[in-house]
Amino acid sequence: MKRITLLARLALIVSSVLALGAAPTAQARPAETTTAGQPAAAPHMTAEQVLDEWAARWSSSQEVDKLLDLFTDDVIYEDAALGVVNHGKAELREFAMNFFSSTPDVKLELASRFVAGNLGSMEWIMTGTDTGDTPARPATGNSFSVRGATIVELEGGKIKRNTDYWDTATYLKQLGLLPSGEGD
């Protein structure tokens, strides 16, 4: 199977949205039940709900397991801005734990989201305070607010591939690790 490049994925999403006028909102399915009629442990989420939950769970540093539930076991999670590619949930867990330990008050607010078939994209604003040391540097104690975008590929109601793009220059300037350009 031929791999679709991220640019091709984004083009597909944009062209699908433009052709439709707007991304259709899928109807929520009723909660799945067991044979005894009891609610199943994890009801099916629509693609839109998965994207909403992605932002909500990245905004909850105490619930890494709930975050990981959104991803397939063989997920590829790439943070293009940092040059990091995580393969599988174990690597993603370590990545998330390191991030949450340096920024426990992180919040991701979705500005927009689109879904076309098994592909989705999100535009978001990430805010937080750099309060924990990382292997690369000590904490600065400074707050930040940066814009970013994410492209995902969904499979079976979960995220199979995730690529984040965000403004590292603004982030580093707000942390005081890069000159702001204002008389520096």
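Below is a table of values for the structure above.
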| read-out | value |
| --- | --- |
| Test: residue in the stretch 17-27 that is of a type in the set (A, V, I, L, M, F, W, C), at pLDDT 95 or above, part of a loop (DSSP other than H, G, I, E, B) and surrounded by 17 or more Cβ atoms within 10 Å (Cβ to Cβ) | no |
| Selection count where residues are in a loop (DSSP other than H, G, I, E, B) and of a type outside the set (A, V, I, L, M), scope the stretch 68-106 | 5 |
| Residue within the stretch 81-99 that is among the polar types (S, T, N, Q) and under 24 Å from Asp130 (Cβ atoms) present | yes |
| Qualifying residue in the stretch 161-183 (condition: within 23 Å of Asp52 (Cα to Cα), of a type in the set (Lys, Arg), surrounded by fewer than 19 Cβ atoms within 10 Å (Cβ to Cβ) and under 19 Å from the mean Cα position of the chain (by Cα)) | no |
| Residues of the stretch 107-131 classified as surrounded by 15 or more Cβ atoms within 10 Å (Cβ to Cβ) and not in a strand (DSSP E or B), total | 2 |
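The values are calculated or read from the model by the stated rules, or taken from the named source; none is laboratory data. Please read these numbers as outputs of a predicted model, since none were measured by experiment. All Cβ positions, glycine included, derive from the backbone under ideal geometry; neighbour counts span all protein chains shown.
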